[in-house]
Amino acid sequence: MAIVRPESFGAQLKALREAAGFTQEELATIAGLSVHAVSALERGERRRPRVETLRALSAALDLTGAHRDAFLGSVRASAHATAADELVGASLPLPLTPLLGRDIEMETLRQWLGDPVSRLITLIGPGGVGKTRLVLELARTIAKERAPRVVFVSLAAIRDVVFVAPAIAEALGLSDVTALDLPKRARAACADRPTLLVLDNFEHLLDAVTLVADLLTSVPSLRLLVTSRAPLHVRGEREYVVGPLELAPPSQISLADLARVPAVRLLVERMRDVQPDFRLTPANGPTVTVICRCLDGLPLALELAAPWIKALTLDDLRRRLEHESLLGTFGARDLPERQQTMNATVAWSYRLLDPEEQRAFRRFGALTGLFPIDAAEAVLAGREGVSDTGAALRVVGGLIDKSLLLRSDSPVVATRPLYRMLETVRAYAALELTAAGERDDALEGLARYCAGEVSLAVEGLVGPAQVEWLDRVREDLESYRVVLTWLVERGRVTEASHIAWGLLWFWVVRGHAIEGLRWYEEILSRPPLPPGVESRVLNGAAVMRYMQGDFDRARTNVSRALILAEGAGDTDAAVHAEWILGFVEHVVGNLDAARDRLARSVKGFRAQAIRWATGQSLTGLAWVALATGDAGQAERLLDEATSELRDAGPWFLSLVAYLRAILAVRRGDADEAIALIRDSLTRIRELKDHSLAFVGALVVLAAAAALKGDDRWVARILGAQDAVTDGTGVIVVDSSSRHLREQVERDSQARLGPERWALAYAAGRKASIDALIKDIDNRQPRG
């Protein structure tokens with residue numbers, strides 16, 4: 001899922017590196033850079049690379065002409081990204097090969113998109129016909145023009161229709177959105193500019209068509225481009241049937257003309273990928289033509305057939321395709337003919353695998369999204385749990401060679417390659433997995449993998465590698481969803497609760513509280529639960545409700561959790577409940593109760609030597625002291641909290657910086673407040689999409705600007721804050737922050753006047769985080 005910022009240098013670098021077939025380590029070696037430097041550039045941590053770095057990367061990637069200009073231009077253009085874009089931005093997937101034979105389709109679809117009446121265009125065709133490849137090319141072309149914002153949502157890995165709305169919301173940069181709220185929130189997010197929303201692989205989620213219709217009705221600036229095997233049947237839908245690639249005519253044509261036939265050209269190029277000296281000749285031209293005709297010119301079928309020339313001669317490949325009678329042997333009779341051809345081609349490729357590869361192919365059908373080699377090992381091992389990395393790598397390499405598996409480098413860890421199957425291929429693998437009676441065994445292995453990963457994530461999400469772990473959990477999210485569904489359906493609530501609790505900080509920091517609450521409620525709906533499980537899950541549900549501003553039900557959940565934990569002698573669950581209750585009581589104004597609960601949690605967490613939680617509870621106590629006007633006590637508590645949080649993630653420290661900045665504002669020390677917020681903005685950028693911390697930081701920055709008498713700056717800051725708030729719908733739970741914002745805005749606007757305020761405010765809505773930091777640096781005292 002991606003909101004496309006064509007300006008993003010990191011996105012361009014990652015896409016070009018993958019297109020060149022390099023890992024981050026390989027590109028770093030060729031360019032003479034460190035792996036950390038390449039990783040930081042791709043992740044957006046370094047947005048202004050030096051000229052020599054650009055030259056080294058350009059040379060290493062062998063960029064020339066327009067490609068080099070676009071690469072260099074992406075650095076200059078990144079300054080135009082708004083703060084909201086930077087907090088949620090990601091790259092549009094970059095195809096690794098050129099688009100062949102689709103000139104007419106591209107021209108027609110561009111014309112349709114130019115028609116204001118065409119607000120929903122659905123590309124229809126069988127699996128493997130190239131719908132995704134075509135829509136990606138179209139999206140990239142439009143994104144380069146910087147006219148509408150382009151938002152890409154891949155739905156292939158989503159198995160449950162309930163996750164369609166969160167997928168769209170995440171791509172739009174919206175936090176914690178239900179299907180019911182999405183149209184209204186999307187309207188606010190898209191109000192400032194036209195948006196093209198691309199929904200890829202919709203056919204298995206057609207129950208979500210009502211959501212699509214509601215989006216179109218509610219968001220006038222939104223247009224949808226959808227790929228599906230079936231139409232959506234939504235009013236105003238314009239259907240475009242994507243056919244196979246053009247085949248050679250029955251009559252004899254010259255070799256030069258044959259080489260330009262799209263289906264022939266694609267097959268020849270893919271064959272050259274595995275056999276570089278392959279050439280189209282008068283002798284093999286007829287055979288190539290027959291192969292293309294056997295495969296109906298379907299791009300994916302051609303891609304799957306091409307690698308077999310490493311093991312088969314061209315004539316043998318033709319004979320097998322002809323004599324094994326693809327449709328009669330493998331095709332389901334109730335499918336359209338071209339879908340039969342595609343399924344039969346996957347089946348044919350499967351039949352040619354050796355037994356070890358066949359088993360791996362089936363088992364990988366249980367992995368719906370991206371997966372690392374560890375997950376591959378786990379599903380291969382199944383219930384037995386005996387992993388063999390060497391065997392897993394061997395079969396993964398074999399399936400990649402045969403185009404049945406794709407590799408994609410992790411944007412987080414240079415040494416953690418990820419893999420995926422195209423959905424048409426994965427769907428067939430899943431059918432074979434079920435037919436072989438191996439699905440539950442494979443999912444046992446996947447459940448074991450997720451349980452192991454989440455045990456690491458429990459520490460990683462609160463530690464110094466928090467950003468890396470947030471991204472790592474996101475990469476595995478579809479696997480977690482599959483496993484949680486499977487465990488809950490089987491009543492294995494203890495295992496499900498272990499995973500759900502371990503993902504708590506991912507759901508909090510990345511704005512997935514609604515999904516987190518859904519899983520906690522799913523587990524709670526399967527009584528009877530052991531007291532320890534129920535108390536932990538109730539604690540998780542309370543945190544999710546707190547993040548959504550539902551404080552009454554959060555208190556109900558956590559109060560019940562505390563009773564259960566104390567009754568069962570579960571000190572860990574009890575101290576977590578005290579901590580959560582402390583924050584709930586604070587936000588509703590029960591300061592004495594909040595102080596008491598948080599003090600107990602500090603004592604409990606210290607006894608357990610959980611430093612991040614001790615620091616978080618101390619921060620909560622400082623917040624209470626601030627609310628009661630005891631600035632000295634707040635300062636002392638924040639000093640203690642900072643010591644405890646030294647090795648915690650940036651999310652926890654952002655709250656400390658926020659409270660310190662408020663104290664500085666109250667002392668009238670604008671420069672200290674501004675310096676603290678500058679540091680906080682840097683931490684927020686590390687988190688990449690945590691808009692809640694960003695919104696709070698800007699309120700205090702605006703107050704500091706008001707202290708300095710810079711009312712234009714106040715308006716600019718609040719414009720940037722509102723752009724993020726409107727775009728993400730983030731909920732600010734701190735009422736004092738809202739009151740501070742109202743006072744600062746009212747006073748500054750009165751001094752500046754409505755016209756000058758409006759101009760500065762409008763400029764702020766378009767400001768990037770870089771621009772906001774530059775504003776700070778230009779106003780800080782030299783010394």
Check your understanding: Out of (1) closer than 22 Å to A723 by Cβ; (2) modelled with pLDDT under 90; (3) open to solvent by 40 Å² or more (accessible area, probe 1.4 Å), the odd one out for A179 is which?
Key -> (1)
Practice item. Sort through V162, V150 and tell me the only one that's open to solvent by 40 Å² or more (accessible area, probe 1.4 Å), β-branched (V, I, T), outside any loop (DSSP other than H, G, I, E, B) and touching a helix residue (DSSP H, G or I) at 6+ places or on another chain (Cβ under 9 Å). Key: V162
Practice item. Tell me, yes or no, whether region 668-680 has at least one residue that is closer than 19 Å to G511 by Cα and either in contact with a Leu (Cβ under 9 Å, 6 or more places away or on another chain) or surrounded by fewer than 20 Cβ atoms within 10 Å (Cβ to Cβ) (or both). Key: yes
Study note, to complete from the structure: Considering region 380-394, residues that are in contact with a helix residue (DSSP H, G or I) (Cβ under 8 Å, 6 or more places away or on another chain) and assigned to a loop (DSSP other than H, G, I, E, B), and then whichever is most open to solvent (accessible area, probe 1.4 Å), we arrive at D388
Revision key, fill the gap. Scanning region 622-650 for residues that are in contact with a His (Cβ under 9 Å, 6 or more places away or on another chain) and within 26 Å of A565 (Cα to Cα) gives V624
**Study point:** Exclusive hit being open to solvent by less than 50 Å² (accessible area, probe 1.4 Å), in a helix (DSSP H, G or I) and out of contact with any Phe, Trp or Tyr (no Cβ under 6 Å at 6 or more places or on another chain), set L267, L196
**Key:** L267
**Study point:** Residue list for region 445-471, restricted to those being part of a helix (DSSP H, G or I), open to solvent by 40 Å² or more (accessible area, probe 1.4 Å) and touching a residue at least 24 places away in the same chain (Cβ under 8 Å)
**Key:** R448, S455, V458, E468
Point to revise | Segments classed as helices (runs of 4 or more DSSP H), wholly inside region 579-665, with at least 1 members that are open to solvent by 10 Å² or more (accessible area, probe 1.4 Å) and under 23 Å from L687 (Cα atoms) | key: 611-627, 631-644
Study note, to complete from the structure: When region 548-560 is checked residue by residue, the ones that are over 32 Å from the mean Cα position of the chain (by Cα) and either open to solvent by less than 60 Å² (accessible area, probe 1.4 Å) or basic (K, R) (or both) are S559, R560
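Taking V695 as the residue in question, decide whether it is closer than 26 Å to S748 by Cα, among the β-branched types (V, I, T) and under 27 Å from the mean Cα position of the chain (by Cα).
So V695 passes the test.
Residues are listed down the side, and each one gets a yes or a no for (1) open to solvent by less than 20 Å² (accessible area, probe 1.4 Å); (2) part of a loop (DSSP other than H, G, I, E, B); (3) not β-branched (V, I, T):
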| residue | (1), (2), (3) |
| --- | --- |
| P250 | no, yes, yes |
| D257 | no, no, yes |
| M271 | yes, no, yes |
| D315 | no, no, yes |
Point to revise | Leading residue by the ranking (least open to solvent (accessible area, probe 1.4 Å)) among those in region 365-379 that are assigned to a helix (DSSP H, G or I) and touching a strand residue (DSSP E or B) at 6+ places or on another chain (Cβ under 8 Å) | key: A376
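The values are calculated or read from the model by the stated rules, or taken from the named source; none is laboratory data. Remember, it's a predicted structure, so these values are computed and weren't measured experimentally. Cβ coordinates were reconstructed from backbone atoms using ideal geometry, including for glycine residues, and neighbour counts include every protein chain displayed. Heavy atoms of the whole protein, side chains included, go into the accessibility calculation; ligands, DNA and RNA do not. Shrake-Rupley method; radii C 1.70, N 1.55, O 1.52, S 1.80 Å.
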